[in-house]
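> What follows is a structure written as structure tokens; I'll ask about it next.
The values are calculated or read from the model by the stated rules, or taken from the named source; none is laboratory data. In this text, all values refer to a predicted model and were calculated from it rather than measured experimentally. Every residue, glycine as well, gets a Cβ built from its backbone with ideal geometry; the counts of neighbours run over all protein chains shown.
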Amino acid sequence: MTGHLLILGGTTEGRALASALDGRYPALRITSSLAGRVAQPRLPAGEVRIGGFGGPDGLAAWLRAEGVDAVVDATHPFAAGISHNAALAAAATGVPLLVLRRPGFTRVDGDRWLPVPSLAAAAELLPRRGERVLLTIGRQGIGAFAHLDGVHFISRSIDPPEPPLPPSFEVLLDRGPFTVHGEEALLRKHDIDVLVTKDSGGAATAPKLTAARGLRLPVIIVERPPVPEGVPVAPDVPGAVRWLEQLELLELPG
Ligand SMILES: NC(=O)c1ccc[n+]([C@@H]2O[C@H](COP(=O)([O-])OP(=O)(O)OC[C@H]3O[C@@H](n4cnc5c(N)ncnc54)[C@H](OP(=O)(O)O)[C@@H]3O)[C@@H](O)[C@H]2O)c1
């Protein structure tokens with residue numbers, strides 16, 4: 001069977017899935033979709049489209065117009081809006097949907113994690129935990145901390161964040177993968193006393209947690225939003241490939 005697969009991407013997993021399928025299944029058309037947030041994104045193999053669909057109805061219309069047979073939502077665990085839209089569009093069109101979501105970070109002995117349900121809750125807790133913060137939440141959502149004076153922020157993101165920003169704020173433009181050694185050096189150089197991050201999971205950004213553990217720093221960690229109800233989840237690319245095989249969307253050339 002041949003078909004058209006839409007990968008909602010913007011993540012390492014989205015690119016890895018496109019690479020795993022591209023070329024191996026010549027009869028399968030693969031389109032990866034990116035939101036267009038990053039100025040110079042790492043492009044996946046295969047076809048790429050960039051920009052929003054116009055809500056769940058726009059996505060449903062796109063699935064119909066492009067004859068999509070399956071959708072893999074490989075977006076970032078905190079991109080809850082597009083995941084919600086994908087669940088609605090899949091239900092409306094009957095197109096099978098899988099969420100490809102890497103597991104969250106694993107807490108180990110020595111970690112001083114303070115889990116919170118939202119960025120707002122992180123901002124509320126922060127002034128009681130430290131004065132010099134390494135903020136690694138990406139460039140969106142920093143407005144949740146904008147009212148905090150008396151706290152100095154070093155914020156790391158791929159592209160510069162936009163206002164509103166906290167009064168005492170520095171930006172580090174950088175893109176993972178990072179190393180434990182590099183993260184430790186960064187925490188020491190900036191005299192950081194607390195880390196604020198999201199439970200994104202993934203090897204590329206885990207070294208900051210190892211470094212924080214080594215330096216006995218508290219980590220305010222924002223918990224993930226839930227996966228839309230009833231949508232199957234695969235934790236990795238092989239799991240997503242197995243799901244596609246079960247749909248009989250994949251067949252090797254004979
Ligand atoms: N949130 C993070 O921390 C984070 C971190 C790393 C990478 N990313 C990636 O960056 C993108 C945007 O994240 P977000 O948190 O802003 O998403 P979001 O809040 O869930 O989505 C907001 C809107 O952006 C559009 N959109 C998001 N992802 C899209 C995609 N892959 N293709 C086409 N349109 C997309 C959709 O617009 P329409 O309603 O118009 O369709 C969606 O309604 C995602 O693709 C995600 O994988 C996010």
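> Select, from 61, 45, 35, the only residue that is within 6 Å of the ligand (Cβ to nearest atom), farther than 19 Å from residue 234 by Cα and not assigned by TED's automatic domain parsing to the domain that holds residue 201.
35
> Does the range 174-198 hold any residues that are closer than 15 Å to residue 112 by Cβ and in a loop (DSSP other than H, G, I, E, B), and which are they?
192, 193, listed by residue number.
> Return the only residue of 148, 98, 134 being within 22 Å of residue 186 (Cβ to Cβ), assigned to a strand (DSSP E or B), touching a residue at least 12 places away in the same chain (Cβ under 8 Å) and not acidic (Asp, Glu).
Answer to the selection: 134.
> Looking at (1) loosely packed, with under 15 Cβ neighbours inside 10 Å; (2) at pLDDT 95 or above; (3) more than 24 Å from residue 205 (Cα to Cα), can you tell me which one residue 150 breaks?
Exception for residue 150: condition (2).
> Could you please find all residues in the range 9-24 being within 16 Å of residue 68 (Cα to Cα) and part of a loop (DSSP other than H, G, I, E, B)?
9
> Here's another thing I want to ask about it. Just to check your reading of the model, which residue among 226, 232 is away from the ligand (no atom under 16 Å from the Cβ) and surrounded by fewer than 17 Cβ atoms within 10 Å (Cβ to Cβ)?
None of the others qualify; the one that does is 232.
> Being surrounded by fewer than 23 Cβ atoms within 10 Å (Cβ to Cβ) and within 11 Å of the ligand (Cβ to nearest atom) is the filter here; which residues of the range 64-76 pass it?
none
> Among the residues of the range 160-195, which ones are among the charged types (D, E, K, R), in contact with a strand residue (DSSP E or B) (Cβ under 7 Å, 6 or more places away or on another chain) and surrounded by 15 or more Cβ atoms within 10 Å (Cβ to Cβ)?
193
> Could you list all residues from the range 22-60 that are crowded, with 18+ Cβ neighbours inside 10 Å, modelled with pLDDT of 95 or more and not small (Gly, Ala, Ser)?
Those that are crowded, with 18+ Cβ neighbours inside 10 Å, modelled with pLDDT of 95 or more and not small (Gly, Ala, Ser): 30, 31, 34, 44, 53, 56, 59.
> Within 15 Å of the ligand (Cβ to nearest atom), in contact with a helix residue (DSSP H, G or I) (Cβ under 9 Å, 6 or more places away or on another chain) and part of a strand (DSSP E or B), is that true of residue 6?
Yes: the conditions hold for residue 6.
> Still on this model: Quickly run through the range 150-208 and pick out the residues that are within 16 Å of the ligand (Cβ to nearest atom) and of a type in the set (Lys, Arg).
Scanning the range 150-208 gives 156, 175, 198, 208.
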